[in-house]
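Visitor: Questions regarding the structure given below will be posed in turn.
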Amino acid sequence: MSSDDRQVWITGIGLLSSLGEGVDAHWSAVTGKNGPVIDEDSYAPYPVHPLVEVDFATQIKKRGDLRQMEPWQRIGTYSAGLAIEDAGLTGNLEMLDTMDMIVAAGSGERDADMDQKVLESTTGENANKGHSNEILKSELRPTLFLAQLSNLLAGNISIVHKVTGSSRTYMGEELAGLASIENAFNRISSGQSDLMLIGGANNAQRKDALLIFELGQNLWGDKFKSVWERDGGGLVMGSVGAFLVLESAAHAKARGAKAYAKMSAVTSGRCSRGEGEARKQLLSQFETMSGKIDKEQIGVMSGASGCGQANVEELVFLSDLDVGGYNPVMRTYGSLLGHSFEAHMPAGLALAALSLSKGEYPAPFEESENEEIAEGIPSQILVTSVGHWRGEGLALVTGVDSKEAK
Amino acid sequence: MSNSNTDHKGRSVVVVTGMGVVTSLGQGQQDNWRDLIAGKSGIRHIKRFSTEGLRTTIAGCVDFLDVDPYSAPALSIAMAESAASEAIEQADIGKKGDFPGPLFLATPPTELEWPQRREIYTEEGADSSLEGYDRLLSACRAEKHEEMQRLFQFASVGEHLADKYGTKGLPISLSTACASGGTAIQLGVEAIGRGDTDTALCVGTDGTVNLEALVRFSLLSALSTRNNPPEGAMASFSKERDGFVMAEGAACLVLESYESAKARGANILGVLAGCGEHADAFHRTRTSPDGMPMIRTISKALVDAGLKPEEIGYVNAHGTSTPENDKMEYFSLKQAFGDVMETTPISSNKSMIGHTLSAAGAVEAVFSLMTMQNGMIPPTINYNTPDPDMGKIDAVPNKAREADVSAVISNSFGFGGQNVSVVYGREPK
């Protein structure tokens, strides 16, 4: 078997976000001039990118299944279905039975009304702590627990789409998305797997999730601004589902599948985010892949969150690429989609692969000086992931020959 | 080929060179093993919070570590540190705070708990004209909650461990529900098999016995309600079984390529002979009625290990004591093993330590390896009335048994169709 056979191809993309559903809607949105979709009122002072209106039943056909899921699982199960369909594998039970899955997940929605009841009755002057037992007993729904468990997004994907080769769920906010991409790349490259489904889902339209990130004051709580205009001031959450079908070239060719692009390298690391550490991480990771990079035709799909010092350091790292003779065209996809934690890097990878297969750069995602209109044809795109708290990583995606391309 | 560095599939042989464990029975391999083979139970009435009005009032809590205030991540971190320190010391690997490989961590999903929500809700900065989450958010805008932020991210437990032990690369936090511990070990085996690393730190930890978690499992009718006496509640494989008992614990394995372990003269505690996995698409909490995903998981593990069923001397069962699990697990074993299963000893560590959830696969890995080391099979306690639906079974009832065991299969099954089986061997072939 030649090393080309172990190339990691992206053969299916499933995207669902504030911009629409599916690859066509997303390509049209990222090349158009409509800008982001934002809801500044419902969760004020926090703007969010709300999910487009979607008929979940087109991918999740059984009403019983839909009833068992809260929004984040619906978003994820739906976009996983889009990716499988896009790869031409819907209903191919034989292949889905060998498909290895890694889902990057947080947890699901809480029942805000119930939480409020417990808080009201167990704090303040008339507090009765024992009362919480009674409220929880009568108000907690068993189905809600299953909708909250991190690994039950994967469980639902198995049930609805019949993906059963293996099923793993990674946790840890942005780290989870990055680690799932890196692990899938390593497993396919090394021959441990031929066919994988990876991705994640985020529902931004929930106050319990906003609360988790506002504990550390990580949210942008003002009129909407795009990522770099926020100058590290906070992140804006977006509802996003992003899944990809990754496949060894040999496996894809054998079934006649075409690729959007191939993955050339994935690196990851962590630091404690002392001054300059995130930049150092990115630089040393970049050096390990620099030999594979085409200096002229490189694009950057930045996953910057808009939050914290590391965000500012990522911009320094990217700006400094000029010094090394690289001339990247940059797009910061959080400005259009919002930040989606576990789903964020998979979404960036999807947009990078789409751009390579279309042979053009998307229109600028924001009006800052960092993004310019670009005419060239990208041959490679570097996707970055700098977590709002922890984890730094890079993925290099390369276009494929026209006879292999979607 | 004797003592080869590669296995029957040409992959690096992976061995265990360090182990650590904490359960409701105590801290460390020695104390746990002593109680386990004595058939002692760690299940008690819950003291951590009021169980007034609840159907289940018992659990296997780890209350002897200094964790104040309790929160699931804080206890999960403390137990994981205890287990990892023990394992790394035994393996005698790396320098202090500089473990030479990655971390694979099975850890429970994280969320804010009631004491923290109440604390934020009543803070000075909270805008009392607002209700519910709006008030909580107002308190967070008024003041940064850095400690809570560090504790209640999904990456928190992994981050703490990576910091303390200096593991390399991204710490991988994973959940496959009650199969998580098995998955963490699988990921370590795969990483060494790819040649990504010579060694890996595989940890499972779970400290989630809190009010809401108890109520949630109770509402799913998953928990035993045989509260009195607590030690008698877990009745794995017996007719009386009525559900599991939630429990806490952690375990850690230092995995190493055989080649690297030999090169540094490490003491080898056992071998990771093979892993099997197959997901179930039938139902969120139930197993396919035909058992196929479990059967395939078990069979894949045997094939991966290159072993025949008769070469497995002991089955370390998932054995949760729920009517469904024990029936389906034994049925699937019989399908995968054939008639030889009827005479293969099978026992449930959970009958004594309860169900340690995310940690279970790791905790039971340690006990599987100790079973081979000590030539002694821990019993299934509270096994008094056989379940006639199961047919012939050797559940090692109530009393530990001496046995020369050279290979063990350990099962872990979880909600969401998660199935993992791992085969452990006593020494490299």
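Visitor: Any chance you could list P(r) for chain B, counting all Cα-Cα pairs in 10 angstrom bins from zero, rounded to whole %?
Guide: With a bin width of 10 Å, the distribution comes to 5, 23, 33, 24, 10, 4, 1, 0.
Visitor: Can I ask one more? How would you order B:304-310, B:195-201, A:48-54, A:163-169 from highest to lowest mean count of nearby Cβ atoms within 10 Å? Before the final figure, lay out each step's value.
Guide: Working: B:304-310: 17.9, B:195-201: 21.4, A:48-54: 19.6, A:163-169: 27.1.
Output ranking for B:304-310, B:195-201, A:48-54, A:163-169: A:163-169, B:195-201, A:48-54, B:304-310.
Visitor: Report the semi-axes of the equivalent ellipsoid for the stretch A:251-333 in whole Å, largest first, where each axis is √(5λ) for an eigenvalue λ of the Cα gyration tensor. Mind showing how you got there, number by number?
Guide: Working: eigenvalues 150, 49, 35 Å².
Over the Cα atoms of the stretch A:251-333, the ellipsoid semi-axes are 27, 16, 13 Å.
Visitor: Same structure again: If you average 1/r over all unlike Cα pairs in the protein assembly as shown and invert the result, what Kirkwood radius do you get in angstrom? Each step should come with its number before you reach the end.
Guide: Working: mean 1/r = 0.0374 Å⁻¹.
The answer is 26.7 Å.
Visitor: When chain B is modelled as a GNM with alpha-carbon springs shorter than 10 Å, which of B:Val215, B:Val62, B:Val271 fluctuates the most?
Guide: Of B:Val215, B:Val62, B:Val271, the most mobile in the Gaussian network model is B:Val215.
Visitor: With just the Cα atoms defining each centre, how far is the stretch A:234-249 from the stretch A:155-174? Give it in Å.
Guide: 14
Visitor: Distances over 28 Å make up what percent of all Cα-Cα pairs in chain A?
Guide: Values: 36128 of 82215 pairs.
Result for the distance tail: 44 percent.
Visitor: Here's another thing I want to ask about it. Tell me the angle of helix B:156-165 to the major Cα principal axis of chain B, expressed in degrees between 0 and 90 and rounded to the nearest ten.
Guide: It is inclined by approximately 60 degrees.
Visitor: Take peptides B:138-146, A:369-377 and line them up by average Cβ neighbours within 10 Å, highest first, as a rough protection proxy. Numbers along the way, then the final one.
Guide: On the way: B:138-146: 17.4, A:369-377: 13.6.
Descending packing order for the listed peptides: B:138-146, A:369-377.
Visitor: Next question, about the same structure. For peptide A:190-200, compute the average count of partner chain beta-carbon atoms within 10 Å of each residue's beta-carbon.
Guide: On the way: counts 6, 1, 4, 1, 0, 0, 0, 0, 0, 0, 0.
Counting other chains' Cβ atoms within 10 Å and averaging over A:190-200 gives 1.
Visitor: What does the average come to when, for each residue of peptide B:123-132, you count the partner chain Cβ atoms lying within 10 Å of its Cβ?
Guide: Values: counts 0, 0, 0, 1, 0, 1, 0, 0, 4, 11.
What the average comes to for B:123-132 is 2.
Visitor: Can you tell me the 0 to 90 degree angle between the C-alpha axis of helix B:180-194 and the longest principal axis of chain B, rounded to 10?
Guide: With rounding to tens, the tilt is 60 degrees.
Visitor: Run down the lysines and flag those whose C-alpha is under 23 Å from the C-alpha of A:Lys33, throwing out any fewer than 8 positions away in its chain.
Guide: A:Lys223, A:Lys225, A:Lys358
Visitor: Working from the alpha-carbon coordinates of the stretch B:119-235, get Rg over Rh, Rh being the Kirkwood radius. Display every interim value, and only then the final one.
Guide: Numbers: Rg = 20.2 Å, Rh = 18.3 Å.
Checking Rg against Rh, the ratio lands at 1.10.
Visitor: How large, in percent, is the carbon and sulfur part of the accessible surface of chain A at a probe radius of 1.4 Å?
Guide: Details: 6300 of 13760 Å².
Carbon and sulfur together cover 46 percent of it.
Visitor: If you don't mind, there's one more thing I want to ask. Using only helices, what value at 222 nm comes out for chain B when you add -39,500 (n - 2.57) per DSSP H run of length 4 or more and divide by the total residues, to the nearest 500 deg cm²/dmol? It would help to have the intermediate numbers written out before the result.
Guide: Working: 13 runs with 142 residues, N = 429.
The helix-only estimate for chain B comes to -10000 deg cm²/dmol at 222 nm.
Visitor: Now for a different question. How big is the stretch A:264-398 on each of its three principal axes, counting only the C-alpha atoms and giving the largest first in Å?
Guide: Projected onto the principal axes, the Cα atoms of the stretch A:264-398 cover 38, 32, 26 Å.
Visitor: Could you give the distance between the Cα centres of the stretch A:274-349 and the stretch A:79-119, to the whole Å?
Guide: 28
Visitor: Let me ask something additional. Looking only at other chains, what is the average number of their beta-carbon atoms within 10 angstrom of each beta-carbon in B:164-174? Mind dumping the intermediate values first?
Guide: Working: counts 0, 0, 0, 1, 2, 6, 17, 6, 11, 9, 13.
What the average comes to for B:164-174 is 6.
Visitor: What number comes out for accessible area per residue over the protein assembly as shown if the probe is 1.4 Å? Units Å², please. Walk me through the intermediate numbers first.
Guide: Values: 28100 Å² over 835 residues.
For the protein assembly as shown, the per-residue accessible area is 34 Å².
Visitor: I'd like to know how the stretch A:335-406 sits against the 2.2 N^0.38 Å rule of thumb: what's its Cα Rg over that expected value? Don't jump to the answer; show the numbers that get you there.
Guide: Working: Rg = 13.3 Å, N = 72, 2.2 N^0.38 = 11.2 Å.
For the stretch A:335-406, the normalised Cα radius of gyration comes out at 1.19.
Visitor: Which residues belonging to the stretch B:398-429 lose at least 30 Å² of 1.4 Å-probe accessible area when the assembly is complete, relative to their chain isolated?
Guide: B:Phe415, B:Gly416, B:Gln418
Visitor: Could you please put B:Glu402, B:Glu190 in sequence from largest to smallest accessible area, using a 1.4 Å probe? Intermediate values should be presented prior to the final figure.
Guide: Details: B:Glu402 150, B:Glu190 35 Å².
From most accessible down to least: B:Glu402, B:Glu190.
Visitor: What's the percent breakdown of Cα-Cα distances in the stretch A:83-124 across 5 Å bins, shortest bin first?
Guide: P(r) for the stretch A:83-124, in whole percents per bin: 5, 15, 14, 11, 8, 9, 7, 8, 9, 8, 5, 1.
Visitor: Enter the Cα centre distance for the pair the stretch B:62-103 and the stretch A:1-41, rounded to the nearest angstrom.
Guide: 41
Visitor: Which of the DSSP-defined H helices in chain A satisfy a minimum axial length of 30 Å, computed from C-alpha atoms, and a minimum mean Kyte-Doolittle hydropathy of 0.5? If you can, show how the numbers build up before the last one.
Guide: Numbers: long enough: none.
For chain A, where a helix must reach 30 Å along its axis and average at least 0.5, there are no hits.
Visitor: In Å and whole numbers, how far do the C-alpha atoms of the stretch A:149-201 stretch along each principal axis, longest first?
Guide: 30, 26, 12
Visitor: Using protein heavy atoms only (no ligands, DNA or RNA), what is the total accessible area buried between B and A, 1.4 Å probe, nearest 100 Å²?
Guide: Numbers: alone 17760 and 17230 Å², together 28100 Å².
Buried surface at the B/A interface: approximately 6900 Å².
The values are calculated or read from the model by the stated rules, or taken from the named source; none is laboratory data. These numbers were taken from a predicted model, which means no experiment stands behind them. We place every Cβ from the backbone using ideal geometry, glycine too, and count neighbours over all the protein chains shown. Please note that ligands, DNA and RNA were not included when accessible areas were found on the heavy atoms of the full protein model with its side chains. Shrake-Rupley method; radii C 1.70, N 1.55, O 1.52, S 1.80 Å.
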